[in-house]
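Structure, as structure tokens:
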Amino acid sequence: MSDARCEEFRELVSAFVDDRLDGGELLRLEAHVRGCAGCRAFEGEVRRFRGLLQAAEVFRPLRRPPPGFAATIAARIDRQPSAQTVPFPEARAGRRGSRVPWAGLVAAAAVAILFFAWSWQRLLPVNGPERKLVSSAAAPTVELASVDGGSMDTWMREHAMLARGGTLLGSAEEIESTTLRSSAVPER
Amino acid sequence: MSVTHDVQEIGAGDDERRLVDAARNGDHRAFEALVLKYQDRIYRLIQRLVSAADVVDDLAQEVFIRAYRSLGDFKGESSLYTWLYKIALNLCRNYYRTRGRRPAHEELDEADGATGFEAGGGTPEDEVFRREFWDHLRQGLDELPAEQREAVVFCDLEGMSYEEMANVIGVPIGTVRSRIFRGRRALQERLAPFHTASAGTPGRST
């Protein structure tokens, strides 16, 4: 009998020792071991191995928890919020489960609308009344820069000011200097 | 719901579910009763999975602290004991992941201070034999791949059924069977000298 074939049967022997083999696998194993002294011996080895493991703990008993172990645990949990008030991972997951998908759906819908609008403009026929839309949208950046450049700049300055804990009522110099420091760690 | 329990009166026949509910509602005494009920088994399991004696107490405490914190996760679909086993198993896996490849059997001796061996009778040679066997066994278990170590410990030392193991480890029964086989074989090879030298037990004289 080949070693590779015995390898397969030895896993069955291991399960057989655990009384976990029946049906077709048991019949196959029985047929095999009739002609395989190695696998028959292996059964004895597995049984003896288990005996050795269990005997080892007889001679080297495992330790028991130290006296006061449960009281130590109780003292630790006494210092924590009660189990009732602690937001369990499951509860947190539940809340996330109810919030995140909605937020995600809203965001996804907004992106989809914007994308659809952009695609619609791009896909419109070149010849036709909408051609102007394509041509006017062809340079949106320029328009944004020219029309909204000032307000974008103001917006950035305001947020930089807020980021450092300031107010929106600072002087132009303060706002300017805040904008320049906007990447630095807030000083206050 | 607020239930006051006399810890000394809590026994195996008490309603575990009631204790869990009470603990979940902030009754720390109820949770202490659950700790008392399962501390021996959890402590034993961790010693079997982790050979470094100096971390057993910390790990065992952490099992119960985590159980308390996430008591809301426990649905009662499996026994509380199985649930605690899963927590213990995860903590032991984390321990092995973070501790590196240091030989834990040395940690064991240093942490113990004493040998921890029972007087097994027989000759001094028998005593030496038992100690050597124990050292090889612990080192061998420690060096097994985690999934094989868990399988051997659960099956041959904890006496768990394949179904229980599949539930705790979270793998199919066929995988459990395969891991047990491979773990046993690897350990058997490591302990081969003891097989041939022993008449059947580490005591040799039996």
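None of the figures in this text is laboratory data; all of them are computed from the coordinates on show. Only a predicted model underlies this, so the values are computations on that prediction, with no experimental measurement involved. Positions of Cβ are generated from backbone atoms using ideal geometry, with glycine treated the same way; all protein chains shown enter the neighbour counts.
Key figures for this structure:
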quantity	calculated
Length-normalised contact order of the stretch A:3-59 in % [C-alpha pairs under 8 Å, at least 6 apart]	37
Two-site label geometry, B:Asp21 and B:Arg97: point separation in nm, points 7 Å out along Cα→Cβ	3.6
